[in-house]
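To keep things clear, I will list the structure first and then write my remarks on it.
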Amino acid sequence: MAVHTGTREPEAALIAIESPIVFVVDDDVSVRESLELLLQNEGWRVEIFASAQEFLNRPHELVQSCLILDVSLPGLNDLELQQRIGPDRKDLPIIFITGKGDIPMTVRAMKASAVEFLTKPFSDEVLLGAVRQALERSRAALCEQASLKELRNRYALLTHRERQVMALVVSGLLNKQVGGELGISEITVKAHRGQVMGKMKAGSLADLVKIASRLGVSRPAPSDIAPST
């Protein structure tokens, strides 16, 4: 049985709200304009920037997107920009482009989670293929974020006791054992467990285990378990 994590609705919403954006940061105006035309012809929204700082000044928008970035920008360079964007921005994959690529530079870019590292001149199809791959990564990352946010919202609805029961149940304990740990009856455990399954929209114990794993729920320490009901 599949895990009921609420992924489909957020995913549909993310895709339907706005079309993808391709950001281009390059100090060469001819490169910016040619890339803008190429990408717009594919039906994507395109925003161009002459410097890294210009791009950073743009408000963050939670939308399917990717960044085409010249590695030899004046001032704030490519890797510094990536650090400023944040290592956790999986929703904004980066495609590095350069006119004089070398192996060490490529290694640094790939270690920095670049989708692709392209050396000029490159064909239109090579670039467009890299953009499609990057936008797919962005879509997947946004859907994962939305799904996880939904799970956290559900988890926030659990009472303290329900969270304790959930943590113990997913750790492999039977209802009777959970009751022994918490100092409550097995019947009460079953009632709490039913509430947990309903609020978390878990169709089975296996579903609940997977949900707990995604949320980072672990078995509570003995000192965190209250003896009262």
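Here, each number is a calculation from the coordinates, and none is a lab measurement. Keep in mind that what you see is a predicted model, and the values were worked out from it rather than measured. When we count neighbours, we look across all protein chains shown, and the Cβ atoms used for this are built from the backbone with ideal geometry, even at glycine.
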Item to check | Cβ-based exposure ranking for Arg58, Arg32, in which fewest neighbours within 10 Å come first | outcome: Arg58, Arg32
Checklist outcome for this item: Taking placed amide H atoms and a strict 5 Å upper bound, the residues 5 or more places from Glu116 or on another chain that come that close are Phe96
Checklist outcome for this item: Assertion target for His192, His160, ordered by fewest C-beta neighbours within 10 angstrom first, is His160, His192
Next on the checklist: Using 5 Å bins from zero, what percent of all Cα-Cα pairs in the stretch 19-81 falls into each bin?
Outcome noted: 4, 19, 30, 24, 17, 5, 0
Item to check | Pairs of Lys in the stretch 134-229 closer than 20 Å at Cα, counting only those 8 or more apart or on different chains | outcome: 9
Checklist entry - Once Rh for the stretch 157-224 is found with the Kirkwood sum over Cα pairs, what is the Stokes-Einstein diffusion coefficient at 25 °C and 0.890 mPa s, in µm²/s? => result 209
